[in-house]
Amino acid sequence: MQTLQKKERLYEKNIILNLFNKGKSFYINSFKILYLNTEFDGFYPVKVLFAVSSRNFKKAVHRNHIKRLMKESFRKNKHLLYDSLANSDKKLVFMILYNEKKLISYEEIENKIILILHRLVKENEKISK
């Protein structure tokens, strides 16, 4: 199923605070990723938050456009992450922050999101062992 349900989005303040306080991070070109393996109630094994800095993009229209592109590329490729988490009892929360000062193309964003998902799979496998 290629949808992005509300239950897959990270919006609970306590989980977001835990992510910032206890989470690990890495960078892939224009993106910073914060992630944390945790426990939460729900059917989906992943919760994700997308963010764009208002320092780099003053107009909300541009920030929302970038977030829409990131959400779409995540939605199309989330199976890469879900397949690896299917047998695990832990759940993953992460945030993707766009740090570039200019807009990049959708193809570039999608390629970077795929790299991010592969890296999250590797990180999750390290933690599981």
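The values are calculated or read from the model by the stated rules, or taken from the named source; none is laboratory data. Please read these numbers as outputs of a predicted model, since none were measured by experiment. Glycine also receives a Cβ, built like all others from the backbone with ideal geometry; neighbour counts cover every protein chain displayed. Only protein heavy atoms, including side chains, enter the accessible area calculation; ligands, DNA and RNA are left aside. Shrake-Rupley method; radii C 1.70, N 1.55, O 1.52, S 1.80 Å.
Tell me the angle of helix 60-77 to the major Cα principal axis of the chain, expressed in degrees between 0 and 90 and rounded to the nearest ten. Compared with the principal axis, the helix lies near 40 degrees.
Rounded to the nearest 10 degrees, the angle from helix 13-22 to the longest Cα principal axis of the chain is 80 degrees.
FRET efficiency for the pair ASN56 and SER88, taken as 1/(1 + (r/R0)^6) with r the Cβ-Cβ distance and R0 = 41 Å, rounds to 0.75. Once the 1.4 Å probe is applied to the protein heavy atoms, the chain comes out at 60 Å² accessible per residue. Taking 23 Å as the straight-line reach from the Cα of LYS102, the lysines in range (excluding those fewer than 8 positions away in the same chain) are LYS32, LYS58, LYS59, LYS67, LYS71, LYS112. Computed from these coordinates, which is Kirkwood radius over Cα pairs in Å: [x] 16.4; [y] 15.0; [z] 14.3? Among [x] 16.4; [y] 15.0; [z] 14.3, the one calculated here is [y]. Here the chain is assigned +1 on the Cβ of each Lys and Arg and -1 on the Cβ of each Asp and Glu. Its dipole about the Cα centre then comes out at about 540 debye.
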